[in-house]
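Notes for the one structure printed next.
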Amino acid sequence: MNDTLTAIAGIRVGHIDDHTTVTGCTVILLPPHTTASVDVRGGAPGTRETDLLAPECTVQHIHAICLAGGSAYGLAAADGVMRYLREQNVGFDVGVGKVPIVPAAVIFDLTCGDPLAHATADMGYTAAAAATAEPVIEGNAGAGYGATVGKIRGAESWMKGGVGSTAITLPDGTCVAALVVNNAFGDIYNIQSGAILAGARSPDGTFLDTTAFLRGGTRIPDFAGGNTTLVVVATDATLTKSECRKLAQMAQDGMARAIRPVHTPYDGDVIFVVSTNDRPALPMMQLGTAAADIVAVAIARSVQCATSLPGIPAMSDLSLADARSAV
């Protein structure tokens, strides 16, 4: 059973990652006539082609989304995705050819691996060529390979983030799905129990509780960089660009439930929403509620599926007692 983003017919996902430099790229290829929009709430976003997703802008359909590591340098990965799509004769018809429309966003992972490394155009091309409708690989994969969470005390206390994905089918058969690249400044929570799943740790190894720590008035570094959570929400329900924008806004609630603090000045949090328009429209209240729920679940899965890297523990490394408290 596929309960990830590719559960929606026509969507394919490809990852490429470099285990030496600790960065990567994730590409979501979309079927024809996919509408999309975006909601950006982080204070330090790194994005490309997001302005055209505004409802009033001319282009109505997009062809892929590129998520990458390497901070602003990683936006170059979208060039490779465009090159791949042009070879497939996919793009917006401008009369003399087709221009692929590939919005992109990046995470800051330069402090996790090689600070001179980033996702490249060749990596974008390779990830696009590898895209498949198989269930999305989660954890240490693609753009999430160098992702970490819980940054307030820096590298000495952060934990492993990564890719998470989930999907649900509503009673009428409509599918709503999400893919997350979780590289958050804040801690990650189980929204049912309220327990921290992964986040900043105290010197004794217990969770610090970043929000409580901040309420205590502790000064954080002037540059608490190395953050950002990227989300793609997809549905097969028919949506206009304006409706995609509203759905993205409602989906942000899921990010706020699962990450604390979120949308900080040091995060570039972005939610893309895409609609393949294969099924009748549904009330926005129903879609938005589902989207927020699955975003929170995908964020939890991103740390549950992650595995440790040298010096960066994962949730799976917690002691038995800690693991029980986090469920």
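The values are calculated or read from the model by the stated rules, or taken from the named source; none is laboratory data. The model shown is predicted, which means the values in this text are computed figures rather than measured ones. In this analysis, Cβ positions are derived from the backbone assuming ideal geometry, glycine residues included, and neighbour counts consider all displayed protein chains.
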**Asked** Which numbered condition trips up Ala291, out of (1) surrounded by fewer than 18 Cβ atoms within 10 Å (Cβ to Cβ); (2) within 13 Å of Asp236 (Cα to Cα)?
**Response** (1)
**Fill in**
Within segment 30-56, the count of residues that are in a loop (DSSP other than H, G, I, E, B), more than 26 Å from Thr132 (Cα to Cα) and either without any contact (Cβ under 8 Å) to a residue 40 or more places away in the chain or β-branched (Val, Ile, Thr) (or both) comes to 1
**Prompt:** In segment 44-85, what residues are surrounded by fewer than 23 Cβ atoms within 10 Å (Cβ to Cβ), touching a helix residue (DSSP H, G or I) at 6+ places or on another chain (Cβ under 7 Å) and under 27 Å from Thr148 (Cβ atoms)?
**Reply:** Gly46, Arg48, Ala76, Asp79
**Message:** Against the definition (of a type in the set (Phe, Trp, Tyr) and touching a Pro at 6+ places or on another chain (Cβ under 8 Å)), how does Phe185 come out, yes or no?
**Reply:** yes
**Prompt:** Restricted to segment 171-206, and to residues that are out of contact with any helix residue (DSSP H, G or I) (no Cβ under 7 Å at 6 or more places or on another chain) and among the aliphatic types (A, V, I, L, M), which residue is surrounded by the fewest Cβ atoms within 10 Å (Cβ to Cβ)?
**Reply:** Ile196
**Message:** Among the residues of segment 265-295, what is the count of those that are among the aliphatic types (A, V, I, L, M) and part of a loop (DSSP other than H, G, I, E, B)?
**Reply:** 2
**Item:** Asp109 closer than 27 Å to Gly42 by Cβ and crowded, with 17+ Cβ neighbours inside 10 Å
**Value:** yes
**Item:** Qualifying positions in segment 57-75 - without any contact (Cβ under 8 Å) to a residue 40 or more places away in the chain and within 22 Å of Thr132 (Cβ to Cβ)
**Value:** His63
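Name the one entry in Val232, Val262 that is over 20 Å from Asn2 (Cβ atoms) and either in a strand (DSSP E or B) or among the β-branched types (Val, Ile, Thr) (or both).
Val262
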**Prompt:** Is it the case that segment 95-104 has a residue that's out of contact with any Asp or Glu (no Cβ under 9 Å at 6 or more places or on another chain), free of Cβ contacts under 8 Å to residues at least 60 places away in the same chain, part of a loop (DSSP other than H, G, I, E, B) and under 23 Å from Cys244 (Cα atoms)?
**Reply:** yes
**Request:** Please find, among Thr120, Thr126, the residue that is surrounded by 18 or more Cβ atoms within 10 Å (Cβ to Cβ), over 30 Å from Gly43 (Cβ atoms) and of a type in the set (Val, Ile, Thr).
**Result:** Thr126
**Asked** Counting just the residues of segment 182-192 that are closer than 20 Å to Ser157 by Cα and aliphatic (A, V, I, L, M), which one comes out farthest from the chain's Cα centre (by Cα)?
**Response** Ile188
**Prompt:** Taking the stated definitions as given, is Thr228 crowded, with 23+ Cβ neighbours inside 10 Å and within 24 Å of Gly69 (Cβ to Cβ)?
**Reply:** yes
**Asked** Between residues in segment 168-179 that are at pLDDT 95 or above and residues that are in a strand (DSSP E or B) and of a type in the set (Phe, Trp, Tyr), which pairs lie under 8 Å by C-beta distance while being six or more apart or on different chains?
**Response** none
**Request:** Restrict the check to segment 276-290 and report whether at least one residue is in contact with a helix residue (DSSP H, G or I) (Cβ under 8 Å, 6 or more places away or on another chain), among the acidic types (Asp, Glu) and more than 19 Å from Ala143 (Cβ to Cβ).
**Result:** no
